[in-house]
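A.B. asks: What follows is a structure written as structure tokens; I'll ask about it next.
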Amino acid sequence: MKLKKKTPLIDQHDKYGFWGGKFGGSFIPETLKKPIEDLTKEFHKLRKDRKFIKKRDFYFKNYIGSPTSFIKLENLSNHLGGAQIWAKVVSEANGGAHKIYNATVHALICKSMGKKYIVGDTGAGYAGKMLSMAAKKFGLKCKIFMGAKDIKRQKPNCDAMKKNGAEIVPVYSGSQTLVDAVSECMRYWVSNCDNTHMAVGSTVGPNIFVKICGWSTAQISRELKVQLKKEFKKIPKKIKLINCVGGGSSAYGFWSEFIDYDKKQIELIGVEAGGPKKSQLHAAPLSRNAKIGILHGAASYVCQNNEGQIKETESISAGLDYPGVSPIHCFLKDTKRARYTYATDEEALQAYKMVTKFEKLNPSLEPSHAFAEAIKIAPRLNKDTIIIVNSCGDAKKDRDILKKKLGKY
Amino acid sequence: MNYSLISQSFKNARKENRPALLTYTVAGDNTKKTSLRILKSISKYADICELGFPHNTPIADGGQIQTSSYRAIKNGIKINDIFSIVNDFKKNKNNKPIILMGYYNMIYQYGENKFLKKCKKVKVDGIIVVDLPYPENKIFASKCKNNKINFIQLISPTTSKKRLKQIIKDSHEMIYYISMLSTTGGKLKVSPKKILQEYKKIKNQNKYKNVVIGFGITEKTISSLKMADGLVVGSALCKEISTSLKKRQNPVKNVTNVVKRLKNKIL
Ligand SMILES: Cc1ncc(COP(=O)(O)O)c(C=O)c1O
């Protein structure tokens, strides 16, 4: 299994949609074959269409607000001693997280395909909130599928969805979290694929959804590359790009421009959700060595039992609370280009506390997992090492959880 | 595979001038024992019995089958139990074909070859894998064939003409036509006339294939489709099990009565 240079990772799959011969694919019911084939053709056409790219760039700049800033966390770096810690503040993007890139692109594709309805899944509520924003902006009717447990714990984002005129469909099956929301959303699409477009909220699902999402979030690393050159005159010799991984859309977007670099120069570190310290449950299929399985139309490492039943997960962070992970991250793991680890709920909370104490930054619980790893490794490294954390979400949505766990927000 | 039990069942039904009746129930719903009793009892009226192997993340099943599946998993059903249900069933009713139906991950975890070996041993007649479409299913389908097990291809209203031809060409003895854009258990939202038109398109390609129609078939709708080679009823049976349990009635008896009534409507 080998990575190709000079080819975007999203395109390094075989004709059946598998990365590295075994991750990804399209394990879908027959009914979805045609809509997925149509979508694949459309996306293929659009990404080569100059006018479409211009349109995308226009909305990325004027609607999403690119570029998001790249800042040094001076106080945190000084406090920890060791490596320099920087942040790419993707939470500045319109809506407060990276999910806006994928949502905007899906809305544009939906328009281009002449469909009036758009549906999507959400865990933390950001994917849903962003899709509702994009739907409103482009005049589409929007339905969001969300686990009942997540609706309770991510209320601010639900309020936003409703305000944008989207319908939230609560999902009561299974663990009532993201995994169930994605299943229900796919089931809805099976029944309504003739007039409805589906957006999958991360780099997961059947092959084409991995590609569209990765193509959208790649904007993050395009910006970062320019910013690095501006800040340091050239790409520094020792960089560590740390990103939380739920489905893996923000991590892929943060890394895509840098995958061709030698890992001694640019190390890629993905941080999954380790769950509560005392719990057996987690949402860390990559770093805790789950077996390959098929979930939501793709093969990836999946938390599951011997029989192939998907396991319940547990994490304080709704956005990372998912048993599967993107096939492209499985590929990056097996080719050893990226390293994956996890942070527990407690570590993420401590990281949140420390970052907000020293910096004017308010990362949500998902990127707090990434900060936990940065805080762990920074003291051992010298100051020529540049750690960059993707602060990909704003903590406003976690207000209730943070208040409860830390006594204040 | 000329004289497989599946083909034989269609032939028998055709002789009686009626479609074959196919039932779908979930293995282990609500327990291993009950589901076996249901299977044995309904096979008096059904021609072919589909047995679902329940998955907890089913992306193409509606509420009724989900409920049955979750119930069976909660009550501890394992893949090996499912094989033992089939084994037990076959010991008594050797002439009724059994088709296993489920999601690919369970076969993948069990191991394709081991799964098929087990199927062969307990005399499974056919397999439907909901999320392994054509052409991705080619290898698995040919493995089935080598084991004298029918791999059943699915065709839906969205299947393009070109695909339709290819799928039929590569299909075994039976093809499953999904009546409408829906998960299982949806209300029939397409007219029977329209469904039969699509059905005929398949038959016109190859009249020797046994084509069954499924999704949305209930006591209300079954007679309107009775010119098909076979008709599948699933969610209506799962629903009956749920209702029986809720009312503390005997699901074996109640489900059997539903199947009996379904049969009467297509005679
Ligand atoms: C702020 C934030 N970060 C990360 C994630 C995890 O998803 P992904 O790994 O696709 O970036 C989510 C998902 O909801 C999120 O809202």
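The values are calculated or read from the model by the stated rules, or taken from the named source; none is laboratory data. Just so it is clear, the model here is predicted, and its values are computed rather than measured. All Cβ positions, glycine included, derive from the backbone under ideal geometry; neighbour counts span all protein chains shown.
A.B. asks: Can you find a residue that is of a type in the set (Val, Ile, Thr), buried (at least 24 other Cβ atoms within 10 Å of the Cβ) and more than 14 Å from chain B (Cβ to nearest Cβ) anywhere in region A:289-307?
C.D. replies: Checking region A:289-307: not a single residue is of a type in the set (Val, Ile, Thr), buried (at least 24 other Cβ atoms within 10 Å of the Cβ) and more than 14 Å from chain B (Cβ to nearest Cβ).
A.B. asks: Considering only residues that are more than 12 Å from the ligand (Cβ to nearest atom), within 22 Å of A:Asp57 (Cα to Cα) and surrounded by 24 or more Cβ atoms within 10 Å (Cβ to Cβ), which ones fall in region A:72-128?
C.D. replies: A:Lys88, A:Thr104, A:Val105, A:His106, A:Ala107, A:Cys110, A:Ile118
A.B. asks: Scanning region A:19-46 for residues that are more than 10 Å from chain B (Cβ to nearest Cβ) and not in a helix (DSSP H, G or I), which turns out surrounded by the fewest Cβ atoms within 10 Å (Cβ to Cβ)?
C.D. replies: A:Gly21
A.B. asks: Go through A:Lys311, A:Lys336 for me and flag whichever is out of contact with any Gly (no Cβ under 9 Å at 6 or more places or on another chain) and under 29 Å from B:Asn75 (Cα atoms).
C.D. replies: A:Lys311
A.B. asks: Based on what the data block shows, is A:Gly201 within 14 Å of chain B (Cβ to nearest Cβ), within 16 Å of the ligand (Cβ to nearest atom), in contact (Cβ under 8 Å) with a residue 12 or more places away in the chain and not in a helix (DSSP H, G or I)?
C.D. replies: In short, no.
A.B. asks: Does region A:215-228 contain at least one residue that is under 24 Å from A:Lys15 (Cβ atoms), in a helix (DSSP H, G or I) and away from every other protein chain (no Cβ under 14 Å)?
C.D. replies: Within region A:215-228 (the criterion being under 24 Å from A:Lys15 (Cβ atoms), in a helix (DSSP H, G or I) and away from every other protein chain (no Cβ under 14 Å)), the answer is yes, since at least one residue qualifies.
A.B. asks: Give me a count of the residues in region B:83-109 that are more than 15 Å from the chain's Cα centre (by Cα), more than 22 Å from A:Pro323 (Cβ to Cβ) and within 13 Å of chain A (Cβ to nearest Cβ).
C.D. replies: Residues meeting the conditions: 1.
A.B. asks: Still on this model: Check A:Gly247 against each of (1) in a loop (DSSP other than H, G, I, E, B); (2) free of Cβ contacts under 8 Å to residues at least 24 places away in the same chain; (3) outside the structural domain of A:Lys55 (by TED's automatic domain parsing); (4) not β-branched (Val, Ile, Thr) and name the one condition it does not meet.
C.D. replies: Condition (2) is where A:Gly247 drops out.
A.B. asks: Determine whether B:Met180 is in contact with an Asp or Glu (Cβ under 8 Å, 6 or more places away or on another chain) and closer than 24 Å to B:Gly62 by Cα.
C.D. replies: No; evaluated as a whole, the condition is false for this residue.
A.B. asks: I've got another one for you. Take the residues in region B:222-267 that are outside any helix (DSSP H, G or I) and among the small types (Gly, Ala, Ser); name whichever of them is nearest to the chain's Cα centre (by Cα).
C.D. replies: B:Gly234
A.B. asks: If you don't mind, there's one more thing I want to ask. Does at least one position in region A:79-89 carry a residue that is more than 14 Å from chain B (Cβ to nearest Cβ) and either of a type in the set (Asp, Glu) or assigned to a helix (DSSP H, G or I) (or both)?
C.D. replies: Taking every residue of region A:79-89 in turn, at least one turns out to be more than 14 Å from chain B (Cβ to nearest Cβ) and either of a type in the set (Asp, Glu) or assigned to a helix (DSSP H, G or I) (or both).
A.B. asks: Continuing with this model, one more query. Out of A:Val182, A:Val245, which single residue is within 14 Å of the ligand (Cβ to nearest atom), touching an Asp or Glu at 6+ places or on another chain (Cβ under 8 Å), modelled with pLDDT of 95 or more and away from chain B (no Cβ under 14 Å)?
C.D. replies: A:Val245
A.B. asks: A follow-up question, please. Out of the residues in region A:324-358 that are within 13 Å of the ligand (Cβ to nearest atom) and under 19 Å from A:Arg153 (Cα atoms), state the one that is nearest to the other protein chains (Cβ to nearest Cβ).
C.D. replies: It comes out as A:Ala348.
A.B. asks: Further, regarding this structure: Given the conditions (1) in contact with a helix residue (DSSP H, G or I) (Cβ under 6 Å, 6 or more places away or on another chain); (2) on the phi > 0 side of the Ramachandran plot; (3) modelled with pLDDT of 95 or more, report the number of the one that A:Gly139 does not fulfil.
C.D. replies: Here A:Gly139 clears every test but (1).
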